[in-house]
Amino acid sequence: MNRIEIRLMSLILAGLLAACSSTPPKEQSAAAVEDRTAVETAAALQASAPSTQANAGAGISGKPLVDRQALGGVSRSQDGAAALKDPANILSKRVIYFELDSNVVREEFKPIVSAHARYLQQNRSTKMSVQGHADERGSREYNLALGQRRADAVKQMMEVLGAQSDQVETVSFGEEKPVAPGHDEDSWSKNRRAELAYPND
Amino acid sequence: MIFKINKLIVFLGVLSGLCCGAAPSLAQLRIEVVGGGASQIPIAIVAFKSEEGLNQRITPVVSGDLVRSGLFKSVDVGGINPPPSEPEQMNYPQWAARGAQVVVIGAVSKAADGRYDIRFRVMDVAKQSQIAGYVYYANESQLRQTAHKIADVIYEKLTGDPGVFSTQIAYVAKRGYQYQLQVADADGFGGQSILTSTEPIMSLSWSPDGQRLAYVSFEQKKPIVYVQSMRSGGRIAVAAFRGSNSAPAWSPDGRRLAVTLTRDGGSQLFLVNADGTGGAQRLSQSSGIDTEANFAPDGQSILFTSDRGGGPQIYRMSVNGGAAQRVTFEGNYNTSPRHSPDGKSFAFVQRSGGRFSIAIQDIATRQVQVLTDGSIDESPSFAPNGKTILYATEVGGRGVLAAVSSDGRVKQRFSINIGDAREPAWSPLAAEH
């Protein structure tokens, strides 16, 4: 086989993997298939997601990419839902942590919000909820409002990144549902959070 | 000698209402007094004649109530034979020698209708005369309540303020993943669960007539405000709008509640009807968080928490809306305002150096007194006589209820034998009727 044939075989293989397995058509999971072209395939399946590796496979014809994009579109609703639970996929990351008295989404958590926003953009019928939480200190009612503000901040960012307003419902549990039981900063920092939840979680 | 005995009958409508659909609870609160008043009245409470035959003796409850208030000091009554039960049996010099200023005497007998006849007199040792005397008729299940009423009479006669021993407290008990809305006597006795849920319950608020309790429940996976009847146990959702519904506060006439809603965006104050009819009328207009409304006793204005200026501070505004005036200026975190019953001051939570304490501010002078030194004190609630503030704190990692006198001198701690206790709310005086 010549070089082009190897690449095409790889593409087909990657396409089959994307279509048949529960592996989601995403950059992160595709990276597990150790092939430059596989990465490119994944990028193609995600029409709206810019990829810095797009130019890497300049020698490949457009046709298979277009086909797989269509294929990916068909399988997306199934594979996409599975992506939400795939530990290797960023969509499985569901918690965004906040600083004290703050509702600013920190830089390190923006990729998570961004990935979920993209997912909602690609799955217009999908709805999800963002649950805001606060640490135990101070007024329970004020903390309820703070948790709401955190959830709303995440929702706003998702809307900017392509999600529709009616896809994201926000709710706050204030300080009522801590994940860390301690009474120190270590626990408090884990409890100041927003959690992303889908109906079938 | 004057024999003035007023006849009162114990009405226990609220208690009988509680029994309907309310399961007895294992959780029992016990109170430990941590401090004491500056000047305590030395009082001798003599066991009532024939009370030793009762399943529920009267005088230990009366004595417990008075001593826990921090305003009374118990004088030993041992060794006086026979113990007096009538005024003519009083040996005043003997009581004076023991340091007693006041002696309480009484007797229990069976009335013609089968109920207990419980009569008592409060005797002034210096003046050698009766201060007060009453007779109560009560059945077996009302003996403890009768004892609280006797303590109320003694407290009012000797301090000039209404006693609150016959009132009730509501709080949330959390055990594992179970939340129980409990109602107990003011001494922590007889806790009954009126709502059990696996989702959080918070922000309890008694209606001014003590017949209804408003609260926030997450049972529908989001905060909704309910009003529950103490008598029937029935309830209505008074605020279940899109978004979050919380922070219920009764208007003094009991017809409306101020609540915090997020239906228009951020957390803002609204008014809703207490009977669940009609919509919500927006009260505050800010881009920040406005929450924790609390009506002034005259019903004309509310205090509330807002972070419109940065951190959370307490503001006042008219119930007709309009501009709000900031009223707290010390520190960068002041929340949870609650008017005193006389409307002259308000209790709130103040953060200072990372610690959360209960404080009280005089409305006219703006003078602030920090009352507690806990690290995580919250949810202040005034006793209906304004003399004591009930609040939630934490001891050894567990939530407990505590109380502090509004002058900061007397501190009490309510210990719950299982789980966490939080979100206390003291009932109005009317709850006993």
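Some values worked out for this structure:
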{"item": "Conditions (1) without any contact (Cβ under 8 Å) to a residue 60 or more places away in the chain; (2) under 24 Å from residue B:69 (Cα atoms); (3) not hydrophobic (A, V, I, L, M, F, W, C); number of the one not met by residue B:155", "result": "(1)"}
{"item": "Looking only at the range A:157-171, and only at residues there that are within 11 Å of chain B (Cβ to nearest Cβ) and either among the small types (Gly, Ala, Ser) or farther than 9 Å from residue A:194 by Cβ (or both), the one that is farthest from the chain's Cα centre (by Cα)", "result": "A:171"}
{"item": "Test: residue in the range B:285-296 that is surrounded by fewer than 24 Cβ atoms within 10 Å (Cβ to Cβ) and among the hydroxyl-bearing types (Ser, Thr, Tyr)", "result": "yes"}
{"item": "Matching entry among A:114, A:172, A:189 (being part of a helix (DSSP H, G or I) and in contact with a Leu (Cβ under 6 Å, 6 or more places away or on another chain))", "result": "A:114"}
{"item": "Residue list for the range A:139-163, filter: farther than 15 Å from residue B:246 by Cβ, touching a strand residue (DSSP E or B) at 6+ places or on another chain (Cβ under 6 Å) and of a type in the set (A, V, I, L, M)", "result": "A:154, A:158"}
{"item": "Where a residue in the range A:107-121 is under 14 Å from residue A:162 (Cα atoms) and its partner, wherever it lies, is crowded, with 20+ Cβ neighbours inside 10 Å and among the charged types (D, E, K, R), with Cβ under 6 Å and at least six apart", "result": "none"}
{"item": "Strands (runs of 3 or more DSSP E) wholly inside the range B:203-321 that include at least 2 residues being within 13 Å of chain A (Cβ to nearest Cβ) and in contact (Cβ under 8 Å) with a residue 12 or more places away in the chain", "result": "B:212-217, B:224-229, B:245-250, B:256-261, B:268-273, B:290-295, B:301-306, B:313-318"}
{"item": "Enumeration of residues in the range A:178-196 that are surrounded by 15 or more Cβ atoms within 10 Å (Cβ to Cβ) and within 12 Å of another protein chain (Cβ to nearest Cβ)", "result": "A:178, A:183, A:187, A:188"}
{"item": "Residues of the range B:124-149 that turn out to be part of a loop (DSSP other than H, G, I, E, B) and surrounded by 17 or more Cβ atoms within 10 Å (Cβ to Cβ), as a count", "result": "1"}
{"item": "In the range B:340-365, the residues that are hydroxyl-bearing (Ser, Thr, Tyr) and surrounded by 16 or more Cβ atoms within 10 Å (Cβ to Cβ)", "result": "B:340, B:345, B:357"}
{"item": "Positions within the range B:82-120 being of a type in the set (A, V, I, L, M, F, W, C), over 14 Å from residue B:49 (Cβ atoms) and surrounded by fewer than 20 Cβ atoms within 10 Å (Cβ to Cβ), in sequence order", "result": "B:96, B:97, B:111, B:112"}
{"item": "Filter result for residue B:174 (buried (at least 16 other Cβ atoms within 10 Å of the Cβ), out of contact with any Leu (no Cβ under 8 Å at 6 or more places or on another chain), part of a strand (DSSP E or B) and within 13 Å of chain A (Cβ to nearest Cβ))", "result": "yes"}
{"item": "Candidate set: the range B:335-358, residues that are within 13 Å of chain A (Cβ to nearest Cβ) and under 17 Å from the mean Cα position of the chain (by Cα); chosen: the one nearest to residue B:423 (Cα to Cα)", "result": "B:336"}
{"item": "Test: residue in the range A:131-152 that is away from chain B (no Cβ under 14 Å) and either free of Cβ contacts under 8 Å to residues at least 24 places away in the same chain or within 30 Å of residue B:215 (Cβ to Cβ) (or both)", "result": "no"}
{"item": "Hey, residue A:136 touching a strand residue (DSSP E or B) at 6+ places or on another chain (Cβ under 9 Å), among the acidic types (Asp, Glu) and not in a helix (DSSP H, G or I) or not", "result": "yes"}
{"item": "Filtered residues of the range B:322-334 (kept if touching a Phe, Trp or Tyr at 6+ places or on another chain (Cβ under 6 Å) and either within 14 Å of chain A (Cβ to nearest Cβ) or buried (at least 18 other Cβ atoms within 10 Å of the Cβ) (or both))", "result": "B:324, B:334"}
{"item": "All positions within the range B:392-410 that are among the hydroxyl-bearing types (Ser, Thr, Tyr), in a strand (DSSP E or B) and in contact with a Lys or Arg (Cβ under 7 Å, 6 or more places away or on another chain)", "result": "B:405"}
{"item": "Residue check for residue B:413: touching a residue at least 40 places away in the same chain (Cβ under 8 Å), assigned by TED's automatic domain parsing to the domain that holds residue B:305 and either among the aliphatic types (A, V, I, L, M) or not in a strand (DSSP E or B) (or both)", "result": "no"}
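Residues are listed down the side, and each one gets a yes or a no for (1) under 30 Å from residue B:351 (Cβ atoms); (2) crowded, with 19+ Cβ neighbours inside 10 Å; (3) touching a Ser or Thr at 6+ places or on another chain (Cβ under 8 Å); (4) modelled with pLDDT of 95 or more:
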residue: A:83; (1), (2), (3), (4): no, yes, yes, no
residue: A:89; (1), (2), (3), (4): no, yes, yes, no
residue: A:100; (1), (2), (3), (4): yes, no, no, no
residue: A:108; (1), (2), (3), (4): yes, no, no, yes
residue: A:111; (1), (2), (3), (4): no, no, no, yes
residue: A:115; (1), (2), (3), (4): no, yes, no, yes
residue: A:118; (1), (2), (3), (4): no, yes, yes, yes
residue: A:128; (1), (2), (3), (4): no, yes, no, yes
residue: A:140; (1), (2), (3), (4): yes, yes, yes, yes
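Residue-wise test of (1) in contact (Cβ under 8 Å) with a residue 60 or more places away in the chain; (2) not in a helix (DSSP H, G or I).
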site: B:55; (1), (2): yes, yes
site: B:67; (1), (2): no, no
site: B:73; (1), (2): no, yes
site: B:77; (1), (2): no, yes
site: B:82; (1), (2): no, yes
site: B:96; (1), (2): no, no
site: B:100; (1), (2): no, yes
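The values are calculated or read from the model by the stated rules, or taken from the named source; none is laboratory data. Predicted model only: the values in this text are computed from it and were never measured. Counting neighbours? That spans all protein chains shown, and the Cβs are built from the backbone with ideal geometry, glycine included.
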